[in-house]
Amino acid sequence: MNKVILPFAFCCFLFLCCNQPSSLPSAAAPNPGGSTAYREPHRPQFHFSPPEKWMNDPNGMVWYEGEYHLFYQFYPDSNVWGPMHWGHALSRDLAGWEHLPIALYPDSLGYIFSGSVVADRENTSGFGRNGQTPLVAVFTYHDMAAEKAGRSDYQSQGIAYSTDKGRTWTKYAGNPVIPNPGNIRDFRDPKVLRDEAGKQWVLTLAVHDHIRFWASKDLKHWEPLSDFGKEWGAHGGVWECPDLFPIKGEESGETKWVLLVSINPGAPNGGSGTQYFVGHFDGKKFTPDESFRSAATGGQAVWLDYGRDNYAGVTWSGIPEGDGRRIFLGWMSNWDYAQTVPTTAWRSAMTLPRTLTLKKTAEGYRLFSRPVAESEALRLDKKRLPGTEITAVLDLTQHIGFAPSQLELILELEPSEDAQTFGVELSNAKGERYRVGYDAVSRRYFSDRTRAGDVSFSPKFAAAVHTGPRLLNDKNVRLHLFFDVASAELFADDGATAMTDIFFPTEPFGAVKIFTEKGKVKLLKGEAYSLARVWD
(Lines give C-alpha, C1' and ligand atoms only; values in the text may rest on other atoms or scores of the structure.)
Protein backbone atom coordinates (compact mmCIF):
# COMPACT_ATOMS: atom_id res chain seq x y z
CA MET A 1 0.00 0.00 0.00
CA ASN A 2 1.35 3.41 -0.97
CA LYS A 3 1.20 6.23 1.49
CA VAL A 4 -1.16 9.03 0.45
CA ILE A 5 -0.43 12.65 1.27
CA LEU A 6 -3.65 13.97 2.71
CA PRO A 7 -4.70 17.61 2.43
CA PHE A 8 -3.72 20.23 4.93
CA ALA A 9 -5.89 21.73 7.64
CA PHE A 10 -8.49 23.97 6.10
CA CYS A 11 -8.54 27.67 6.74
CA CYS A 12 -11.55 28.79 8.73
CA PHE A 13 -10.73 32.27 9.91
CA LEU A 14 -12.45 35.45 8.80
CA PHE A 15 -10.53 38.07 6.89
CA LEU A 16 -12.18 41.01 5.17
CA CYS A 17 -9.88 42.36 2.50
CA CYS A 18 -9.65 46.08 1.86
CA ASN A 19 -11.44 45.93 -1.50
CA GLN A 20 -14.44 43.88 -0.38
CA PRO A 21 -17.74 45.67 -1.09
CA SER A 22 -19.79 46.00 2.07
CA SER A 23 -22.83 44.42 0.44
CA LEU A 24 -21.04 41.18 -0.35
CA PRO A 25 -20.94 38.10 1.91
CA SER A 26 -18.19 37.31 4.38
CA ALA A 27 -14.83 36.20 3.03
CA ALA A 28 -14.56 33.38 5.53
CA ALA A 29 -13.35 30.21 3.87
CA PRO A 30 -15.87 27.36 4.20
CA ASN A 31 -14.51 24.30 5.94
CA PRO A 32 -15.33 21.08 4.05
CA GLY A 33 -14.28 18.80 6.89
CA GLY A 34 -16.70 16.64 8.82
CA SER A 35 -18.61 13.43 8.29
CA THR A 36 -20.95 14.58 5.51
CA ALA A 37 -19.04 17.31 3.69
CA TYR A 38 -17.75 16.36 0.24
CA ARG A 39 -19.87 13.20 0.29
CA GLU A 40 -22.89 14.46 -1.66
CA PRO A 41 -24.04 12.36 -4.63
CA HIS A 42 -21.71 12.85 -7.63
CA ARG A 43 -19.16 14.80 -5.56
CA PRO A 44 -15.61 14.02 -6.76
CA GLN A 45 -13.33 12.62 -4.08
CA PHE A 46 -9.85 13.33 -5.44
CA HIS A 47 -10.51 16.18 -7.88
CA PHE A 48 -10.70 19.80 -6.78
CA SER A 49 -14.20 21.19 -6.36
CA PRO A 50 -15.39 24.26 -4.44
CA PRO A 51 -16.78 23.79 -0.92
CA GLU A 52 -20.13 25.05 -2.21
CA LYS A 53 -21.89 27.08 -4.90
CA TRP A 54 -20.75 27.88 -8.45
CA MET A 55 -17.28 27.51 -9.98
CA ASN A 56 -15.94 27.73 -13.53
CA ASP A 57 -12.57 28.67 -15.11
CA PRO A 58 -9.28 28.13 -13.25
CA ASN A 59 -7.49 31.47 -12.84
CA GLY A 60 -4.22 32.90 -11.57
CA MET A 61 -2.39 29.59 -11.27
CA VAL A 62 1.07 30.33 -9.88
CA TRP A 63 3.74 28.40 -7.96
CA TYR A 64 5.46 30.42 -5.27
CA GLU A 65 7.65 29.28 -2.38
CA GLY A 66 6.47 25.69 -2.41
CA GLU A 67 2.76 26.45 -2.88
CA TYR A 68 0.59 25.85 -5.93
CA HIS A 69 -2.03 28.59 -5.94
CA LEU A 70 -5.34 27.99 -7.69
CA PHE A 71 -7.78 30.84 -8.13
CA TYR A 72 -11.05 30.23 -9.91
CA GLN A 73 -14.19 31.89 -11.17
CA PHE A 74 -16.58 31.71 -8.21
CA TYR A 75 -20.06 32.91 -7.30
CA PRO A 76 -20.53 32.42 -3.56
CA ASP A 77 -24.29 33.12 -3.49
CA SER A 78 -25.69 30.52 -5.91
CA ASN A 79 -24.95 27.27 -7.73
CA VAL A 80 -25.39 28.98 -11.11
CA TRP A 81 -23.24 31.66 -12.71
CA GLY A 82 -23.46 35.15 -11.19
CA PRO A 83 -21.25 38.11 -10.25
CA MET A 84 -17.77 36.67 -10.60
CA HIS A 85 -15.22 36.61 -7.77
CA TRP A 86 -11.86 34.88 -7.55
CA GLY A 87 -12.09 31.89 -5.23
CA HIS A 88 -8.77 30.71 -3.85
CA ALA A 89 -7.13 27.44 -2.82
CA LEU A 90 -3.57 26.20 -2.52
CA SER A 91 -1.72 22.92 -2.48
CA ARG A 92 1.80 21.80 -1.70
CA ASP A 93 1.46 18.45 -3.45
CA LEU A 94 -1.15 18.86 -6.23
CA ALA A 95 -3.27 16.27 -4.43
CA GLY A 96 -4.75 17.86 -1.30
CA TRP A 97 -6.13 21.39 -1.34
CA GLU A 98 -6.55 24.03 1.35
CA HIS A 99 -9.44 26.45 0.87
CA LEU A 100 -8.57 30.10 1.46
CA PRO A 101 -10.79 33.20 1.65
CA ILE A 102 -12.08 34.79 -1.53
CA ALA A 103 -9.19 36.71 -3.10
CA LEU A 104 -10.90 39.28 -5.34
CA TYR A 105 -14.40 40.74 -5.18
CA PRO A 106 -16.36 42.73 -7.77
CA ASP A 107 -16.14 46.50 -7.42
CA SER A 108 -17.32 49.64 -9.22
CA LEU A 109 -15.35 48.67 -12.36
CA GLY A 110 -17.10 45.32 -12.68
CA TYR A 111 -17.07 41.61 -12.00
CA ILE A 112 -13.69 39.86 -11.75
CA PHE A 113 -13.36 37.63 -14.81
CA SER A 114 -10.51 35.28 -15.74
CA GLY A 115 -6.82 36.15 -15.64
CA SER A 116 -3.41 35.12 -14.37
CA VAL A 117 -0.87 35.69 -11.59
CA VAL A 118 2.90 36.08 -11.83
CA ALA A 119 5.63 36.39 -9.24
CA ASP A 120 7.34 39.73 -9.94
CA ARG A 121 10.74 38.63 -8.63
CA GLU A 122 12.59 41.72 -9.86
CA ASN A 123 9.86 44.01 -8.48
CA THR A 124 9.39 45.66 -11.86
CA SER A 125 5.95 46.81 -10.69
CA GLY A 126 7.26 48.51 -7.58
CA PHE A 127 4.59 46.80 -5.48
CA GLY A 128 7.15 44.87 -3.40
CA ARG A 129 8.09 46.10 0.05
CA ASN A 130 11.05 45.24 2.28
CA GLY A 131 12.46 42.77 -0.19
CA GLN A 132 9.21 40.80 -0.47
CA THR A 133 8.42 39.56 -4.00
CA PRO A 134 4.97 40.78 -4.99
CA LEU A 135 2.49 38.44 -6.64
CA VAL A 136 0.64 40.38 -9.33
CA ALA A 137 -2.77 39.34 -10.63
CA VAL A 138 -3.90 40.51 -14.07
CA PHE A 139 -7.61 40.00 -14.72
CA THR A 140 -10.58 41.13 -16.77
CA TYR A 141 -13.12 43.58 -15.40
CA HIS A 142 -16.62 42.97 -16.74
CA ASP A 143 -18.94 45.98 -16.31
CA MET A 144 -22.38 44.38 -16.29
CA ALA A 145 -24.16 47.73 -16.10
CA ALA A 146 -22.40 48.90 -19.25
CA GLU A 147 -23.27 45.66 -21.04
CA LYS A 148 -26.94 45.99 -20.10
CA ALA A 149 -26.89 49.58 -21.32
CA GLY A 150 -25.91 48.32 -24.77
CA ARG A 151 -22.31 49.47 -24.76
CA SER A 152 -19.58 47.34 -26.32
CA ASP A 153 -16.66 48.53 -24.16
CA TYR A 154 -17.64 46.72 -20.98
CA GLN A 155 -14.49 44.59 -20.63
CA SER A 156 -11.06 45.93 -19.61
CA GLN A 157 -7.97 44.63 -17.81
CA GLY A 158 -7.04 45.40 -14.21
CA ILE A 159 -4.32 44.33 -11.79
CA ALA A 160 -3.99 43.60 -8.08
CA TYR A 161 -1.02 42.64 -5.93
CA SER A 162 -0.15 40.66 -2.83
CA THR A 163 2.91 40.94 -0.59
CA ASP A 164 1.96 38.16 1.83
CA LYS A 165 2.28 35.08 -0.43
CA GLY A 166 -1.16 35.54 -1.93
CA ARG A 167 -3.19 35.63 1.27
CA THR A 168 -4.53 39.17 0.81
CA TRP A 169 -4.81 41.36 -2.28
CA THR A 170 -4.87 45.08 -3.03
CA LYS A 171 -6.26 46.38 -6.30
CA TYR A 172 -4.16 48.90 -8.19
CA ALA A 173 -5.50 52.45 -7.92
CA GLY A 174 -4.77 53.08 -11.60
CA ASN A 175 -7.08 50.36 -12.94
CA PRO A 176 -7.88 49.61 -15.68
CA VAL A 177 -4.35 49.18 -17.01
CA ILE A 178 -5.64 48.16 -20.46
CA PRO A 179 -8.88 50.03 -21.22
CA ASN A 180 -11.24 48.71 -23.85
CA PRO A 181 -10.58 50.45 -27.18
CA GLY A 182 -14.30 51.11 -27.36
CA ASN A 183 -15.65 48.63 -29.87
CA ILE A 184 -14.69 45.13 -28.69
CA ARG A 185 -17.32 43.14 -26.82
CA ASP A 186 -15.09 40.15 -26.03
CA PHE A 187 -11.81 41.55 -24.70
CA ARG A 188 -10.66 39.29 -21.91
CA ASP A 189 -8.73 36.60 -20.07
CA PRO A 190 -5.15 37.98 -19.85
CA LYS A 191 -2.38 35.41 -19.42
CA VAL A 192 1.02 36.91 -18.53
CA LEU A 193 4.51 35.43 -18.87
CA ARG A 194 8.00 36.76 -18.30
CA ASP A 195 10.01 37.05 -21.53
CA GLU A 196 13.55 37.15 -20.21
CA ALA A 197 15.09 37.45 -23.67
CA GLY A 198 13.20 40.69 -24.25
CA LYS A 199 13.30 41.82 -20.61
CA GLN A 200 9.56 42.33 -20.77
CA TRP A 201 6.25 40.97 -19.63
CA VAL A 202 4.10 39.53 -22.43
CA LEU A 203 0.33 39.45 -22.06
CA THR A 204 -1.83 37.20 -24.24
CA LEU A 205 -5.42 38.40 -24.58
CA ALA A 206 -8.50 36.93 -26.27
CA VAL A 207 -10.10 39.51 -28.59
CA HIS A 208 -13.37 37.99 -29.86
CA ASP A 209 -12.10 35.82 -32.75
CA HIS A 210 -8.33 36.14 -32.36
CA ILE A 211 -5.45 36.78 -29.96
CA ARG A 212 -3.67 40.05 -29.26
CA PHE A 213 -0.23 40.19 -27.64
CA TRP A 214 0.87 43.08 -25.42
CA ALA A 215 4.17 44.02 -23.75
CA SER A 216 5.07 45.85 -20.55
CA LYS A 217 8.14 46.64 -18.48
CA ASP A 218 6.27 47.15 -15.20
CA LEU A 219 2.90 45.29 -15.45
CA LYS A 220 1.13 48.67 -15.29
CA HIS A 221 1.71 50.18 -18.73
CA TRP A 222 1.02 48.03 -21.78
CA GLU A 223 1.64 48.41 -25.50
CA PRO A 224 0.12 46.16 -28.20
CA LEU A 225 2.54 43.95 -30.12
CA SER A 226 0.65 41.93 -32.73
CA ASP A 227 -2.48 39.92 -33.51
CA PHE A 228 -2.88 36.25 -34.37
CA GLY A 229 -5.64 33.85 -35.30
CA LYS A 230 -8.26 35.31 -37.60
CA GLU A 231 -7.25 32.90 -40.37
CA TRP A 232 -6.07 30.03 -38.18
CA GLY A 233 -7.77 27.32 -36.18
CA ALA A 234 -11.43 26.78 -35.35
CA HIS A 235 -13.87 29.69 -35.31
CA GLY A 236 -17.18 28.14 -34.31
CA GLY A 237 -17.41 30.42 -31.28
CA VAL A 238 -15.71 33.12 -29.23
CA TRP A 239 -12.00 32.68 -28.43
CA GLU A 240 -11.23 32.67 -24.70
CA CYS A 241 -8.66 31.85 -22.00
CA PRO A 242 -5.41 31.82 -24.03
CA ASP A 243 -2.03 30.70 -22.73
CA LEU A 244 1.35 31.22 -24.45
CA PHE A 245 4.47 29.42 -23.24
CA PRO A 246 7.79 27.93 -24.44
CA ILE A 247 8.36 24.20 -24.24
CA LYS A 248 11.12 21.84 -25.36
CA GLY A 249 10.48 18.85 -27.58
CA GLU A 250 10.74 15.72 -25.44
CA GLU A 251 13.12 13.91 -27.79
CA SER A 252 14.49 16.71 -29.97
CA GLY A 253 15.25 19.26 -27.25
CA GLU A 254 14.12 21.96 -29.70
CA THR A 255 12.38 24.91 -28.05
CA LYS A 256 8.96 25.64 -29.50
CA TRP A 257 6.12 27.92 -28.38
CA VAL A 258 2.60 26.69 -27.66
CA LEU A 259 -0.54 28.80 -27.73
CA LEU A 260 -3.63 27.36 -26.05
CA VAL A 261 -6.99 28.87 -27.05
CA SER A 262 -10.34 27.87 -25.60
CA ILE A 263 -13.41 28.31 -27.80
CA ASN A 264 -17.13 28.35 -26.99
CA PRO A 265 -18.91 26.84 -28.85
CA GLY A 266 -17.08 24.99 -31.61
CA ALA A 267 -15.40 22.00 -29.93
CA PRO A 268 -15.15 18.75 -31.95
CA ASN A 269 -17.82 16.96 -29.90
CA GLY A 270 -19.94 20.04 -29.22
CA GLY A 271 -19.95 23.05 -26.93
CA SER A 272 -16.75 24.36 -25.38
CA GLY A 273 -13.24 22.99 -25.85
CA THR A 274 -9.56 23.91 -26.16
CA GLN A 275 -7.51 24.03 -29.35
CA TYR A 276 -3.78 24.73 -29.55
CA PHE A 277 -1.02 25.80 -31.91
CA VAL A 278 2.71 25.02 -31.92
CA GLY A 279 5.11 27.50 -33.47
CA HIS A 280 7.56 30.33 -32.79
CA PHE A 281 7.32 33.56 -30.80
CA ASP A 282 9.99 36.21 -31.42
CA GLY A 283 9.03 38.55 -28.62
CA LYS A 284 6.47 40.32 -30.76
CA LYS A 285 4.72 37.91 -33.09
CA PHE A 286 3.54 34.29 -32.91
CA THR A 287 3.97 32.20 -36.07
CA PRO A 288 2.48 28.68 -36.05
CA ASP A 289 4.07 25.68 -37.70
CA GLU A 290 2.67 24.80 -41.10
CA SER A 291 1.00 21.65 -39.75
CA PHE A 292 -1.38 23.88 -37.79
CA ARG A 293 -2.62 25.85 -40.79
CA SER A 294 -6.41 25.72 -41.06
CA ALA A 295 -8.99 27.73 -42.93
CA ALA A 296 -11.07 30.08 -40.80
CA THR A 297 -14.16 28.11 -41.72
CA GLY A 298 -14.37 24.36 -42.10
CA GLY A 299 -10.74 23.70 -41.26
CA GLN A 300 -9.35 21.10 -38.90
CA ALA A 301 -8.12 22.46 -35.59
CA VAL A 302 -5.88 20.51 -33.21
CA TRP A 303 -7.50 19.86 -29.85
CA LEU A 304 -5.99 19.35 -26.43
CA ASP A 305 -8.80 17.07 -25.20
CA TYR A 306 -11.54 15.36 -27.21
CA GLY A 307 -13.98 14.81 -24.36
CA ARG A 308 -16.74 17.29 -23.61
CA ASP A 309 -15.51 18.33 -20.18
CA ASN A 310 -12.12 20.00 -20.25
CA TYR A 311 -12.42 23.74 -20.87
CA ALA A 312 -10.69 27.07 -20.15
CA GLY A 313 -7.58 25.29 -18.93
CA VAL A 314 -4.24 27.07 -18.55
CA THR A 315 -0.86 26.28 -17.02
CA TRP A 316 0.87 27.23 -13.79
CA SER A 317 3.38 30.07 -13.96
CA GLY A 318 6.48 30.17 -11.80
CA ILE A 319 7.32 26.44 -11.87
CA PRO A 320 11.03 26.27 -10.87
CA GLU A 321 13.55 25.58 -13.63
CA GLY A 322 14.74 22.55 -11.70
CA ASP A 323 11.27 21.06 -12.07
CA GLY A 324 10.82 22.19 -15.65
CA ARG A 325 7.30 20.85 -16.15
CA ARG A 326 4.43 22.62 -17.86
CA ILE A 327 1.47 21.75 -15.59
CA PHE A 328 -2.08 22.23 -16.84
CA LEU A 329 -5.49 22.30 -15.17
CA GLY A 330 -8.92 22.65 -16.80
CA TRP A 331 -12.53 23.22 -15.79
CA MET A 332 -14.29 19.85 -15.89
CA SER A 333 -17.56 20.92 -17.48
CA ASN A 334 -19.11 22.40 -20.63
CA TRP A 335 -21.16 25.56 -21.14
CA ASP A 336 -23.81 23.51 -22.96
CA TYR A 337 -25.08 22.16 -19.62
CA ALA A 338 -22.82 23.33 -16.78
CA GLN A 339 -25.59 25.27 -15.00
CA THR A 340 -28.13 22.43 -15.11
CA VAL A 341 -26.14 19.34 -14.07
CA PRO A 342 -27.84 17.44 -11.20
CA THR A 343 -25.79 18.74 -8.27
CA THR A 344 -27.07 21.32 -5.81
CA ALA A 345 -24.62 22.06 -2.98
CA TRP A 346 -21.89 22.85 -5.51
CA ARG A 347 -21.39 22.93 -9.25
CA SER A 348 -18.31 21.87 -11.20
CA ALA A 349 -14.87 20.45 -10.54
CA MET A 350 -11.41 20.73 -12.09
CA THR A 351 -9.58 18.08 -14.08
CA LEU A 352 -6.59 16.31 -12.61
CA PRO A 353 -3.43 18.40 -12.94
CA ARG A 354 -1.63 17.27 -16.09
CA THR A 355 1.92 17.51 -17.37
CA LEU A 356 2.05 18.70 -20.97
CA THR A 357 4.92 17.43 -23.11
CA LEU A 358 5.76 18.07 -26.75
CA LYS A 359 6.53 15.21 -29.14
CA LYS A 360 7.07 14.86 -32.85
CA THR A 361 4.49 12.72 -34.61
CA ALA A 362 3.75 11.98 -38.25
CA GLU A 363 1.56 15.10 -38.22
CA GLY A 364 4.22 17.35 -36.69
CA TYR A 365 4.74 18.50 -33.12
CA ARG A 366 1.84 17.61 -30.83
CA LEU A 367 1.09 18.01 -27.13
CA PHE A 368 0.79 14.89 -24.99
CA SER A 369 -1.13 15.04 -21.70
CA ARG A 370 -0.27 12.88 -18.70
CA PRO A 371 -1.43 12.97 -15.07
CA VAL A 372 1.20 14.63 -12.89
CA ALA A 373 3.54 12.26 -11.06
CA GLU A 374 2.11 13.52 -7.76
CA SER A 375 -1.16 11.73 -8.55
CA GLU A 376 0.59 8.48 -7.64
CA ALA A 377 0.38 9.61 -4.00
CA LEU A 378 -3.38 8.97 -4.24
CA ARG A 379 -2.86 5.24 -4.73
CA LEU A 380 -3.99 2.85 -2.00
CA ASP A 381 -4.59 -0.81 -2.83
CA LYS A 382 -2.89 -2.20 -5.92
CA LYS A 383 -3.86 -5.19 -8.05
CA ARG A 384 -1.93 -6.57 -10.98
CA LEU A 385 -4.10 -7.88 -13.79
CA PRO A 386 -2.87 -11.15 -15.31
CA GLY A 387 -2.39 -11.41 -19.05
CA THR A 388 -5.31 -13.14 -20.73
CA GLU A 389 -7.27 -13.32 -23.96
CA ILE A 390 -10.69 -11.67 -23.95
CA THR A 391 -13.37 -12.80 -26.38
CA ALA A 392 -16.34 -10.94 -24.92
CA VAL A 393 -16.04 -9.74 -21.30
CA LEU A 394 -13.43 -9.89 -18.55
CA ASP A 395 -15.09 -8.93 -15.25
CA LEU A 396 -12.53 -7.18 -13.06
CA THR A 397 -14.83 -6.40 -10.15
CA GLN A 398 -14.08 -9.39 -7.94
CA HIS A 399 -10.47 -9.61 -8.99
CA ILE A 400 -9.54 -6.09 -7.95
CA GLY A 401 -11.71 -6.21 -4.81
CA PHE A 402 -12.59 -2.51 -4.65
CA ALA A 403 -15.31 -0.31 -6.12
CA PRO A 404 -14.63 1.49 -9.40
CA SER A 405 -15.91 4.83 -8.11
CA GLN A 406 -12.34 5.88 -7.15
CA LEU A 407 -10.19 3.89 -9.52
CA GLU A 408 -7.07 4.17 -11.66
CA LEU A 409 -6.60 1.61 -14.45
CA ILE A 410 -3.51 1.14 -16.61
CA LEU A 411 -4.01 -1.35 -19.45
CA GLU A 412 -2.05 -2.50 -22.47
CA LEU A 413 -4.22 -4.33 -24.99
CA GLU A 414 -3.32 -6.18 -28.19
CA PRO A 415 -6.29 -6.37 -30.57
CA SER A 416 -6.67 -9.25 -33.03
CA GLU A 417 -6.85 -8.49 -36.75
CA ASP A 418 -10.66 -8.65 -36.68
CA ALA A 419 -11.15 -6.69 -33.43
CA GLN A 420 -13.50 -3.75 -33.82
CA THR A 421 -14.57 -2.11 -30.56
CA PHE A 422 -13.12 -2.70 -27.10
CA GLY A 423 -12.55 -0.88 -23.85
CA VAL A 424 -13.65 -0.52 -20.24
CA GLU A 425 -17.21 -0.46 -18.92
CA LEU A 426 -18.54 0.75 -15.56
CA SER A 427 -22.06 -0.32 -14.61
CA ASN A 428 -24.55 -0.60 -11.76
CA ALA A 429 -27.53 -2.73 -10.79
CA LYS A 430 -29.93 -0.35 -12.56
CA GLY A 431 -28.42 -1.19 -15.93
CA GLU A 432 -26.70 2.15 -16.28
CA ARG A 433 -23.27 2.03 -17.88
CA TYR A 434 -20.38 4.17 -19.04
CA ARG A 435 -17.99 2.94 -21.72
CA VAL A 436 -14.62 4.24 -22.83
CA GLY A 437 -12.25 2.61 -25.31
CA TYR A 438 -11.09 2.27 -28.90
CA ASP A 439 -12.81 1.69 -32.25
CA ALA A 440 -10.23 -0.08 -34.40
CA VAL A 441 -12.29 0.35 -37.59
CA SER A 442 -12.43 4.16 -37.45
CA ARG A 443 -9.13 4.45 -35.52
CA ARG A 444 -10.81 6.64 -32.95
CA TYR A 445 -11.05 6.56 -29.19
CA PHE A 446 -14.53 6.94 -27.76
CA SER A 447 -16.33 7.92 -24.57
CA ASP A 448 -19.95 6.79 -24.31
CA ARG A 449 -22.14 8.24 -21.55
CA THR A 450 -25.43 7.88 -23.43
CA ARG A 451 -26.62 5.27 -20.89
CA ALA A 452 -24.61 6.43 -17.87
CA GLY A 453 -27.47 7.67 -15.68
CA ASP A 454 -29.35 10.94 -15.49
CA VAL A 455 -29.30 12.75 -18.83
CA SER A 456 -32.63 14.56 -18.46
CA PHE A 457 -31.18 17.96 -17.52
CA SER A 458 -29.95 18.76 -21.05
CA PRO A 459 -30.71 17.37 -24.53
CA LYS A 460 -27.08 18.11 -25.46
CA PHE A 461 -25.49 16.11 -22.66
CA ALA A 462 -25.81 12.60 -24.10
CA ALA A 463 -26.80 13.28 -27.68
CA ALA A 464 -23.91 11.27 -29.14
CA VAL A 465 -20.86 9.16 -28.37
CA HIS A 466 -17.75 11.36 -28.13
CA THR A 467 -14.75 10.43 -30.24
CA GLY A 468 -11.12 11.49 -30.70
CA PRO A 469 -8.48 10.46 -33.26
CA ARG A 470 -5.61 8.11 -32.60
CA LEU A 471 -2.29 9.83 -33.38
CA LEU A 472 0.03 6.84 -33.07
CA ASN A 473 0.28 3.76 -35.28
CA ASP A 474 1.36 1.26 -32.63
CA LYS A 475 -0.33 -2.14 -32.75
CA ASN A 476 -0.96 -2.21 -29.00
CA VAL A 477 -3.45 0.17 -27.40
CA ARG A 478 -2.57 1.71 -24.04
CA LEU A 479 -5.34 3.08 -21.84
CA HIS A 480 -4.63 5.05 -18.66
CA LEU A 481 -7.92 5.82 -16.92
CA PHE A 482 -9.06 7.71 -13.82
CA PHE A 483 -12.62 7.31 -12.54
CA ASP A 484 -13.83 9.60 -9.75
CA VAL A 485 -17.51 8.98 -8.82
CA ALA A 486 -18.96 10.94 -11.75
CA SER A 487 -16.06 11.55 -14.14
CA ALA A 488 -13.62 9.74 -16.39
CA GLU A 489 -10.27 10.91 -17.74
CA LEU A 490 -8.58 8.90 -20.48
CA PHE A 491 -4.90 9.30 -21.35
CA ALA A 492 -4.41 7.01 -24.35
CA ASP A 493 -1.09 6.02 -25.92
CA ASP A 494 0.92 7.69 -23.16
CA GLY A 495 -1.17 10.84 -23.45
CA ALA A 496 -1.27 11.31 -27.23
CA THR A 497 -5.08 11.42 -27.05
CA ALA A 498 -6.91 12.72 -24.00
CA MET A 499 -10.65 12.56 -23.32
CA THR A 500 -12.48 13.91 -20.27
CA ASP A 501 -16.19 13.35 -19.58
CA ILE A 502 -18.53 13.69 -16.64
CA PHE A 503 -21.67 11.56 -16.04
CA PHE A 504 -24.34 11.14 -13.37
CA PRO A 505 -25.34 7.56 -12.48
CA THR A 506 -28.43 7.41 -10.28
CA GLU A 507 -26.62 4.96 -8.03
CA PRO A 508 -22.84 4.47 -7.82
CA PHE A 509 -21.17 2.26 -10.38
CA GLY A 510 -20.21 -0.98 -8.66
CA ALA A 511 -18.86 -3.14 -11.49
CA VAL A 512 -15.96 -2.74 -13.89
CA LYS A 513 -15.06 -4.94 -16.85
CA ILE A 514 -13.03 -5.03 -20.03
CA PHE A 515 -15.21 -5.74 -23.05
CA THR A 516 -14.69 -6.45 -26.73
CA GLU A 517 -17.14 -6.64 -29.60
CA LYS A 518 -16.54 -8.59 -32.84
CA GLY A 519 -13.04 -9.85 -32.29
CA LYS A 520 -10.54 -10.80 -29.64
CA VAL A 521 -8.33 -8.64 -27.47
CA LYS A 522 -5.35 -9.81 -25.46
CA LEU A 523 -4.70 -8.09 -22.14
CA LEU A 524 -0.91 -7.99 -22.11
CA LYS A 525 -0.57 -6.32 -18.73
CA GLY A 526 -2.59 -4.17 -16.41
CA GLU A 527 -2.66 -2.48 -13.02
CA ALA A 528 -5.58 -1.28 -10.92
CA TYR A 529 -5.41 1.09 -7.95
CA SER A 530 -8.02 2.23 -5.51
CA LEU A 531 -7.56 5.96 -4.96
CA ALA A 532 -7.76 7.99 -1.77
CA ARG A 533 -10.41 10.46 -0.83
CA VAL A 534 -8.52 13.71 -0.23
CA TRP A 535 -11.16 15.62 1.72
CA ASP A 536 -10.83 13.81 5.07
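Which of (1) assigned to a loop (DSSP other than H, G, I, E, B); (2) over 22 Å from the mean Cα position of the chain (by Cα) is the odd one out, the single condition TYR306 does not satisfy?
All conditions are met except number (2).
With the structure loaded, tell me whether HIS221 is under 14 Å from VAL138 (Cβ atoms) and not in a strand (DSSP E or B) or whether it fails that test.
Yes; evaluated as a whole, the condition is true for this residue.
Of the conditions (1) open to solvent by 10 Å² or more (accessible area, probe 1.4 Å); (2) of a type in the set (A, V, I, L, M, F, W, C); (3) touching a residue at least 12 places away in the same chain (Cβ under 8 Å), ALA149 fails just one. Which one is it?
If we test ALA149 against (1) open to solvent by 10 Å² or more (accessible area, probe 1.4 Å); (2) of a type in the set (A, V, I, L, M, F, W, C); (3) touching a residue at least 12 places away in the same chain (Cβ under 8 Å), just (3) comes out false.
Out of the residues in the stretch 128-146 meeting the condition of being small (Gly, Ala, Ser) and closer than 21 Å to SER216 by Cα, tell me which one is surrounded by the most Cβ atoms within 10 Å (Cβ to Cβ).
Only one residue tops the list, namely ALA137.
Checking LEU90 against (1) outside any strand (DSSP E or B); (2) under 23 Å from LEU193 (Cβ atoms); (3) hydrophobic (A, V, I, L, M, F, W, C), which test does it fail?
(1)
Among the residues of the stretch 166-191, write down those that are on the phi > 0 side of the Ramachandran plot and surrounded by fewer than 16 Cβ atoms within 10 Å (Cβ to Cβ).
Listed by number, the list holds a single entry, GLY182.
Of ARG167, ARG194, ARG185, ARG212, which residue is free of Cβ contacts under 8 Å to residues at least 24 places away in the same chain and of a type outside the set (Gly, Ala, Ser)?
Sole residue among the options that is free of Cβ contacts under 8 Å to residues at least 24 places away in the same chain and of a type outside the set (Gly, Ala, Ser): ARG212.
Considering only residues of the stretch 328-348 that are among the small types (Gly, Ala, Ser) and open to solvent by 10 Å² or more (accessible area, probe 1.4 Å), which is farthest from ASN56 (Cα to Cα)?
Among them, the one singled out is ALA345.
Please enumerate the residues belonging to the stretch 269-292 that are open to solvent by 40 Å² or more (accessible area, probe 1.4 Å) and at pLDDT below 95.
GLU290, SER291
Restricting attention to strands (runs of 3 or more DSSP E) lying wholly within the stretch 407-491, give those where 1 or more residues are among the charged types (D, E, K, R), modelled with pLDDT of 95 or more and surrounded by 15 or more Cβ atoms within 10 Å (Cβ to Cβ).
421-427, 433-439, 444-448, 477-484
Give me the pairs: first residue in the stretch 259-287 and more than 18 Å from CYS241 (Cα to Cα), second residue among the aliphatic types (A, V, I, L, M) and surrounded by 17 or more Cβ atoms within 10 Å (Cβ to Cβ), beta-carbon distance under 6 Å, and six or more apart or on different chains, which are they?
The qualifying pairs are LYS284/LEU225.
Can you run down the residue pairs with Cβ atoms below 8 Å, 6 or more apart or on separate chains, where the first is in the stretch 373-394 and more than 16 Å from ALA528 (Cβ to Cβ) and the partner is among the charged types (D, E, K, R) and open to solvent by 50 Å² or more (accessible area, probe 1.4 Å)?
From residues that are more than 16 Å from ALA528 (Cβ to Cβ), the pairs are ALA377/LYS3; GLU389/LYS520; GLU389/LYS522; THR391/LYS520.
State which residue pairs qualify: first residue acidic (Asp, Glu) and inside the stretch 40-56, second residue open to solvent by 20 Å² or more (accessible area, probe 1.4 Å) and at pLDDT below 95 in any location, beta carbons under 8 Å apart, and separation of 6 or more residues or different chains.
GLU52/PRO30
Scan the stretch 98-127 for residues that are assigned to a loop (DSSP other than H, G, I, E, B), open to solvent by 10 Å² or more (accessible area, probe 1.4 Å) and in contact (Cβ under 8 Å) with a residue 24 or more places away in the chain and jot them down.
Result: PRO106, LEU109, THR124, GLY126, PHE127.
The values are calculated or read from the model by the stated rules, or taken from the named source; none is laboratory data. This is a predicted model, so every value here is computed, not measured. Ideal geometry is used to build each Cβ from the backbone, glycine not excepted, and the neighbour counts take in all protein chains shown. SASA here: full protein model, heavy atoms, side chains in, ligands and nucleic acids out. Shrake-Rupley method; radii C 1.70, N 1.55, O 1.52, S 1.80 Å.
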